[in-house]
Amino acid sequence: MKQPVYVFLGMRPHQWTKNLIVFAGLIFSQNLGDGQMVLKAVQAFLVFCAMSGVIYLVNDIADIEKDKLHEQKRNRPLPSGRLKVSTAVVASVVIGALALVFSLYIGRSFFIVSVIFFALNFFYSFLFKRIVLLDVVSISLSFIIRAIGGVKALIDIDPTIELSPWLLICTLFLSLFLAFCKRRHELVTMENAAAHREALAGYTRSLVDQLVSISAAGAILSYSIYTIWPDTVENFGTTDLVYTIPLVLLGVMRYLYLVYSEEKGGSPSEILLSERFILIVVFLWVLLVVAIFYVF
């Protein structure tokens with residue numbers, strides 16, 4: 001298998017579902033039927049996929065020696081030796097530069113967001129991920145930047161588009177929830193978790209359990225407030241979004257079940273792609289939101 005294929009695999013395409021948050025601005029601005037808007041959102045999604053892929057390569061370069069000792073991570077292209085470090089470095093520079101150039105084509109505001117995204121994740125790879133709590137907060141901020149980027153990509157077409165602060169708060173809590181669940185899984189399943197991830201030395205199981213509960217409650221509460229917030233009702237002309245709350249609650253509770261009863265949660269992307277119950281809940285949520293915005 002040739003090096004370009006290993007570069008692609010090293011960019012972890014299965015993780016690109018995290019970039020779907022980019023489409024929040026398109027959906028909640030009720031522009032899903034606007035072809036030009038959809039094209040811009042897809043372009044922004046592809047840029048974030050490229051940028052996040054580059055970050056994964058950089059992260060694997062930084063952790064290559066530790067990953068060689070990890071039962072699962074040692075099979076990745078870089079630690080396994082299938083992908084040369086020099087090739088990964090060159091690919092990261094080239095793909096990263098192309099992503100930034102294309103982000104400037106999308107719009108100057110989107111370009112600025114892209115630069116911030118790169119900077120945050122660069123510092124995460126070499127510093128923040130080693131600091132307890134800051135490691136998880138950095139991940140959450142990365143999701144918020146994606147959501148903001150999805151809006152900024154559309155602003156050149158319609159300057160009035162904006163993302164509700166409550167949706168950003170909900171994104172913050174939801175991403176914290178998923179990240180803390182991942183930390184808990186690492187603490188529970190690894191014999192020497194701190195050797196795998198330095199920040200884990202500062203976590204205890206009881207602390208993480210409390211943080212999971214706080215972030216889960218915060219995500220549900222902030223989303224619930226968003227659905228009945230006066231600005232939301234005025235913008236959409238309906239209070240029907242409140243009917244989507246049970247699906248959000250059900251999805252979070254199912255995820256908690258997987259984390260605490262089946263010891264899952266190590267890879268949110270894999271759960272989203274393989275857990276049938278959550279897939280159905282997410283599909284029904286999207287279907288209901290689209291129906292509320294565009295049908296009723």
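The values are calculated or read from the model by the stated rules, or taken from the named source; none is laboratory data. Not measured: the values here are computed from a predicted model. Reconstructed Cβ throughout: ideal geometry from the backbone, glycine too, with neighbour counts over all protein chains shown.
Quick look at the numbers
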read-out: Out of Asp67, Asp63, sole residue that is surrounded by 15 or more Cβ atoms within 10 Å (Cβ to Cβ) and touching a Pro at 6+ places or on another chain (Cβ under 6 Å); value: Asp67
read-out: Failed criterion for Ser206 (all others in (1) in contact with a Phe, Trp or Tyr (Cβ under 9 Å, 6 or more places away or on another chain); (2) assigned to a helix (DSSP H, G or I); (3) hydroxyl-bearing (Ser, Thr, Tyr) hold); value: (1)
read-out: Test: residue in the range 196-205 that is under 17 Å from the mean Cα position of the chain (by Cα) and in contact (Cβ under 8 Å) with a residue 24 or more places away in the chain; value: no
read-out: From the options Ile280, Ile245, Ile292, Ile225, residue that is of a type in the set (Val, Ile, Thr), touching an Asp or Glu at 6+ places or on another chain (Cβ under 6 Å) and either closer than 25 Å to Val136 by Cβ or at pLDDT 90 or above (or both); value: Ile292
read-out: Hits in the range 111-142 - residues which are of a type in the set (Phe, Trp, Tyr) and modelled with pLDDT of 95 or more; value: Phe111, Phe117
